[in-house]
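Accompanying notes for the structure given below.
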Amino acid sequence: MQAKISKNLLFVFLSAISLSLAFPDFELWFLAWVSFVPFFWAIFDTSRREAFVLGWIWGISFFFGSCWWLAHAPIHYGGIPAPISYFLILLASAIVGIFPGVFALLLSQAFSKFGVRAVLIAPVFWTALEYARFWITGNNWNSIAYSQAFNLNVLQIASIGGIYLIGFLIVAFNAFLFLHLKLAIEKKLRRTDWLAFVLFLLAVSTVLFISKNTNEELKNTEKAGKIVVVQLNVPGKDLNEEKWLALREKHIQMAETALESSKIENTQEPELPILVVFPESPMNFAYGSDPELQKVFADFTRRNRVSLLFNSAELNKSKGNYFNSAVMIDEKGQKIGQYDKIFLVPFGEYAPVPESLEKFVPTVVGHFEKGREYDMFAFGNLKFGIMICFESHFPNLSREYAKQGADILIEMTNDGYLGKTPVLRQHLANAVFRAVETRKPVIRATNVGITAYINEKGEVLDEAESYAEAIRVWSVGKSQDSQTFYVKYGDWLAIICLIFTLVFMAYGFSRT
């Protein structure tokens, strides 16, 4: 008995570690396609209770192993001792680890009712529980599909079913591998088992073919505008007034250097409208309540005949607190738009507790008010939507922008609070999926990295070095009017899987 427990724990840790290695910074994406096999082996022929515990341990191991970097901000900016910070991350991992625990419990019950071939139901359970994790916790960071963000072939499937379809296929492939390995060892393989696997591979090939053809239909459009992005590398702390003013001036100097260089290099091109983008940063601009800042930015836009998009803390007059906002001013120095961040970072920008207790719960950045409107912006004849930092993690936001006719998506972010850790490329992976799901280019304007242009195929182009100053100038065009299947129908697969899982729970546990 003890040997069996030890073997199962070994398989669980092997599975969780191998899946963690599929994510940035390791990016061994192919491991995701085999990493669940030892997990399935561990929970086969176990009781429901044992399966839940094994799944929970798997979840704790995976989430802590791939998100340990969350401790960096409370240690370096919140003054929380490292042991306590890592314990809090472990505690958070234990909470979200409940979802893989429930997955293992359901699969164990399916095994007990239908035998080893019930493993083929695993992708349905997994997809349903990832979807549930998103809606219950408001977070789906490092869903298994994100491990494929830099696997350009598989990535294209996101235009049909987003992260859930790719995750479904990953778990399904693992399930077939486990089934065939298990039956081969027991010498119980049937022709129908091979036939099912072949049909699955044909279905995946068809989906790949459809998504690839859709991708090839994308046409290059005539350039309609230019975007200038400034990566400042502003430090996250120790900003006194003198440094703040110097850095504010540096924003403008770097932008004007880029503008001048762009004019020299493109003397033969027709003049296009230009948008300058300053990233989210610890600068804490407060445009609405700072007349001097209004004048400085207005002078900049009028002098250079450009529009300006920047991050600002804007007053919420109804409550007296602030929004984390993106503000745009035009070539005349007039404010023409404001987007208030809808999806705030828990314990970073707000405390997920009752309002009466909110002021007693510390946050890393502050207590911001959530926005409510999906505001769109425009310069020239180009329309765009904005994602501020963490918001690139939410496909429903970018989908809404695509439905409203956005030509491009702009992400303004500051990952400097989390240091030189895997968060930089894990966050980039989120933006890659948003580009492919909507078939809209994503412009990433970051404080410390990774500033980059992500095209409709999910290719990361012209990325800037992290934790260094950089400027980028990109030409952008109008997008096609057509909408992807994912933009039209969203998380259709996840909803189907959730319904099936609920039906199974009602039936599968009815006589046990």
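Rule-based calculations on the coordinates, nothing more; no lab input. The structure presented is a predicted model; accordingly, all values stated were derived computationally and were not measured. Cβ placement follows ideal geometry from the backbone for every residue including glycine, while neighbour counts extend to all protein chains displayed.
In order along the range 193-205, phi translates into HN-Hα couplings of 5, 5, 4, 4, 5, 4, 5, 4, 5, 5, 5, 5, 4 Hz, rounded to whole numbers, per the Karplus curve 6.51 cos²θ - 1.76 cosθ + 1.60 with θ = phi - 60° and x for Gly and Pro. Since only Leu208, Leu105, Gly419 are under comparison, the one whose Cα sits farthest along the positive direction of the charge dipole of the chain, derived from C-beta charges on Lys, Arg, Asp and Glu, is Leu105.
So how do Met328, Met505 line up by other beta-carbon neighbours within 10 Å, fewest first? Walk me through the numbers on the way to the answer.
Numbers: Met328 23, Met505 16.
Sorted ascending by nearby Cβ count, the order is Met505, Met328.
Residues whose amide H comes within less than 5 Å of that of Leu28, counting only those at least five positions distant or on another chain, are Ala22, Phe23 (H built at 1.01 Å from N in the peptide plane). Sparse packing (at most 13 other Cβ atoms within 10 Å of the Cβ) combined with a DSSP loop state is found for none of the trypsin sites (Lys or Arg not before Pro) in the range 1-89.
Its residue count N sets the reference 2.2 N^0.38 Å, and the alpha-carbon radius of gyration of the range 223-479 equals 0.96 times that reference.
What is the magnitude of the charge dipole of the chain about its Cα centre, with +1 placed on the Cβ of each Lys and Arg, -1 on the Cβ of each Asp and Glu, and no other charges, expressed in debye to the nearest 20?
Numbers: 47 positive and 47 negative charges, 403 e Å.
Once rounded to the nearest 20, the dipole reads 1940 debye.
Please report Phe39, Phe114 as a ranked list, fewest other C-beta atoms within 10 angstrom at the top and most at the bottom.
Details: Phe39 30, Phe114 13.
If I rank by nearby Cβ atoms, fewest first, I get Phe114, Phe39.
Put in line by how crowded their Cβ is, counting other Cβ atoms within 10 Å and starting with the fewest, Asp193, Asp415 read Asp193, Asp415.
Over the residues of the chain, the helix contribution to mean residue ellipticity at 222 nm works out to -15500 deg cm²/dmol, using -39500 (n - 2.57) for each DSSP H run of at least 4. Here the Karplus curve 6.51 cos²θ - 1.76 cosθ + 1.60, taken at θ = phi - 60°, turns the phi angles of the range 461-473 into couplings of 10, 6, 6, 8, 5, 6, 6, 8, 6, 7, 10, 9, 10 Hz, with x standing for Gly and Pro.
Compute, for the range 370-512, the length of the dipole vector about the Cα centre, with Cβ point charges of +1 (Lys, Arg) and -1 (Asp, Glu) only. Units Debye, rounded to 20.
On the way: 16 positive and 16 negative charges, 91 e Å.
The dipole of the range 370-512 has a size of about 440 debye.
Less than 5 angstrom separates the built amide H of Gly477 from those of Ala224, all sequence-distant by 5 or more or on a different chain. Reachable lysines from Lys212, Cα under 23 Å, same-chain residues fewer than 8 places away excluded? Result set, ordered by chain and number: Lys403, Lys440, Lys457, Lys478, Lys488.
Dividing the mean sequence gap of close Cα pairs (under 8 Å, 6+ apart) by how many residues the chain holds gives a relative contact order of 17 percent. Under a straight-distance cross-link criterion of Cα-Cα below 19 Å, which lysines are reachable from Lys250, leaving out those fewer than 8 residues away in the same chain? Straight-distance partners of Lys250: Lys237, Lys295.
Sites listed here are GluC sites (Glu not before Pro) in the range 439-512 whose DSSP assignment is loop and whose Cβ has at most 14 other Cβ atoms within 10 Å: Glu465, Glu469. For the chain, the equivalent ellipsoid derived from the Cα gyration tensor has semi-axes of 44, 27, 19 Å, listed largest first.
Proximity of backbone amide H atoms, modeled 1.01 Å from N, is registered between Leu382 and no other residue at under 5 Å, excluding neighbours fewer than 5 places apart on the same chain.
Comparing Leu344, Phe394, Val228 along the charge dipole axis of the range 223-479, the residue lying farthest to the positive side is Phe394, per the Cβ-charge model. Straight-line reach from Lys7: taking Cα to Cα under 28 Å and skipping same-chain neighbours fewer than 8 places apart, the lysines in range are Lys113, Lys182, Lys187, Lys188.
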